[in-house]
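Participant: Quick one: the structure is below, questions incoming.
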Amino acid sequence: MLAKENLEIVHVMSKQLVIRAGQCTKIKAKVLDENDKIVGRLMKIFGPVSNPYGLVNLNEEVNEPEKLRLIC
């Protein structure tokens, strides 16, 4: 079964998010909204190995990014 993690958002841009990747470091992992619609993908992992950051590319601007989830 796939794990769904709430995103810890560090910075919001119009169609990108910088997040704390946590345990999910799978490139192209799906990002879902509250209706389980795919709204983006994790495209890049960077930062310290112990607590990495991730760059999420969104398909469209999201009104409530705090409700997004990452699927690993």
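Participant: Could you tell me what % of all Cα pairs in the chain have separations over 13 Å?
Facilitator: When all Cα pairs of the chain are counted, 59 percent exceed 13 Å.
Participant: Stretch ILE45-MET13 to full length: gain in nm at 0.36 nm per residue minus the Cα-Cα span?
Facilitator: 9.8 nm
Participant: Once you list every other residue whose beta carbon is under 12 Å from the beta carbon of VAL39, what net charge do they have if Lys and Arg are +1 and Asp and Glu are -1?
Facilitator: 0
Computed from the coordinates by the stated procedures, all read-outs in this text should not be read as laboratory data. Worth saying up front: this structure is predicted, and the values here are computed from it rather than measured. Note that each Cβ is placed from the backbone with ideal geometry, even for glycine, and that neighbours are counted across all protein chains shown.
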